[in-house]
Amino acid sequence: MKLVFAGTPEVAVPALDALIASDRHEVAAVVTRPDAPAGRGRRLVASPVAERAEEAGIEVLKPARPRDEDFLARLREIGPDCCPVVAYGALLPKPTLDVPARGWVNLHFSLLPAWRGAAPVQHAIMAGDEVTGASTFLIEEGLDSGPVYGVLTEEVRPTDTSGDLLTRLAFAGAGLLVATMDGIEDGTLHAVPQPAEGVTLAPKITVEDAQVQWSAPALRVDRVVRGCTPAPGAWTLFRGERLKVIQAVPVLDRTELAPGELSAAKNNVYVGTGSHAVELLWVQPQGKKPMRAADWARGVRIVHGELLGV
């Protein structure tokens, strides 16, 4: 089939690479979000998908909105049979959805209908799911509600951050997306409506969502930290400034600390929660680089009974 691929961040690049490598399909163009300011200089930078497409000599379309008439006209000129999508980052209106004969097919990183929305991997970790996966489905106007072509499952490991899990799903899902394109082309694959039961939503994680609540049980603290790493980054307050919590692990045999209470030894830093303590392993003070929590604690000279989150 002739394809127009839509995607924006680094997590979409493995799928684009897999489609480019396929000997059954032609990636005629790529649709991605417009260049965005990045870095200290805030200069405009192309998306990872745009950079990869340009390296491969593929036409790149960067509409401000996917309903723009100039974009729709060019899409109709290309005449794609199907448009595979991975983390494009904008809703597709009906005039855009109607262009390819076989529709727009999204690779979504959850087992639909669970975790519909922008942050399925983060929510799966924060909810304590032991298994998640990826799904390919035909995009409709509803939120991730279209019929499903295929799925794969992936274990959520006890130490997974959202970054770890998303990387594995991106590479495994790339194969699923190519297989879905193959099945659509040869007519062996048919989309099945999602069940009405089991729908959960996964809205974007905000900075406020990522604030660690030390009154919560240690397992909840652990899940929030892992689910918000690397983005938006779990954080707390220390002496009135933000302290990013990059890695923390529950310590089952320490229950004497009050929620948020710090205890620092030579090589260990512990924080109380609503159940047992967690050990801080890596943190990032405001305006500084990530560092080992023990090095941070030596530098700030923690006072006995001092609290995080205040």
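Could you go through the range 191-209 and let me know if any residue there is more than 15 Å from residue 226 (Cα to Cα), crowded, with 22+ Cβ neighbours inside 10 Å and not acidic (Asp, Glu). Step through it out loud before you land on a result.
Pass one, the range 191-209, residues more than 15 Å from residue 226 (Cα to Cα): 191-204, 208.
Then keep just the ones that are crowded, with 22+ Cβ neighbours inside 10 Å; that gives 202.
Keeping just the survivors that are not acidic (Asp, Glu) gives 202.
Yes, there is a match, as at least one residue in the range 191-209 is more than 15 Å from residue 226 (Cα to Cα), crowded, with 22+ Cβ neighbours inside 10 Å and not acidic (Asp, Glu).
Right, residue 114: open to solvent by less than 40 Å² (accessible area, probe 1.4 Å), within 24 Å of residue 179 (Cβ to Cβ) and either part of a loop (DSSP other than H, G, I, E, B) or touching a helix residue (DSSP H, G or I) at 6+ places or on another chain (Cβ under 6 Å) (or both) or not?
yes
Of the numbered criteria (1) open to solvent by 40 Å² or more (accessible area, probe 1.4 Å); (2) assigned to a helix (DSSP H, G or I), the one residue 124 fails is (1).
Pairing each residue of the range 75-93 that is closer than 13 Å to residue 5 by Cβ and assigned to a loop (DSSP other than H, G, I, E, B) with any residue that is open to solvent by 10 Å² or more (accessible area, probe 1.4 Å) and polar (S, T, N, Q), provided the two are 6+ apart or on different chains, yields C-beta distances under 8 Å for 87/8; 88/8. Only residues that are open to solvent by 40 Å² or more (accessible area, probe 1.4 Å) and within 10 Å of the chain's Cα centre (by Cα) were counted across the range 165-182, and they come to 2. Where residues in the range 210-229 are assigned to a loop (DSSP other than H, G, I, E, B) and among the β-branched types (Val, Ile, Thr), which of them is surrounded by the most Cβ atoms within 10 Å (Cβ to Cβ)? By that ranking, first place goes to 212.
Residues in the range 230-266 that are outside any loop (DSSP other than H, G, I, E, B), open to solvent by less than 60 Å² (accessible area, probe 1.4 Å), more than 19 Å from residue 205 (Cα to Cα) and not hydrophobic (A, V, I, L, M, F, W, C): 250, 261, 263. The residue that is surrounded by the fewest Cβ atoms within 10 Å (Cβ to Cβ), among those in the range 128-163 that are among the aliphatic types (A, V, I, L, M) and within 15 Å of the chain's Cα centre (by Cα), is 156.
Of the strands (runs of 3 or more DSSP E) lying entirely inside the range 1-58, those containing at least 1 residues that are buried (at least 20 other Cβ atoms within 10 Å of the Cβ) are 2-7, 26-31. Filtering the range 60-72 for residues that are in a loop (DSSP other than H, G, I, E, B), more than 24 Å from the chain's Cα centre (by Cα) and either closer than 22 Å to residue 137 by Cα or touching a residue at least 40 places away in the same chain (Cβ under 8 Å) (or both) leaves a non-empty set.
Among the residues of the range 171-179, are any closer than 16 Å to residue 229 by Cβ and modelled with pLDDT of 95 or more? Looking for residues that are closer than 16 Å to residue 229 by Cβ and modelled with pLDDT of 95 or more, one finds none in the range 171-179, hence no.
The values are calculated or read from the model by the stated rules, or taken from the named source; none is laboratory data. Keep in mind that this is a model prediction, so the values were computed, not measured. Here Cβ is always computed from backbone atoms with ideal geometry, including for glycine, and neighbour counts include all displayed protein chains. With ligands, DNA and RNA removed, areas are computed over all heavy atoms of the protein, side chains included. Shrake-Rupley method; radii C 1.70, N 1.55, O 1.52, S 1.80 Å.
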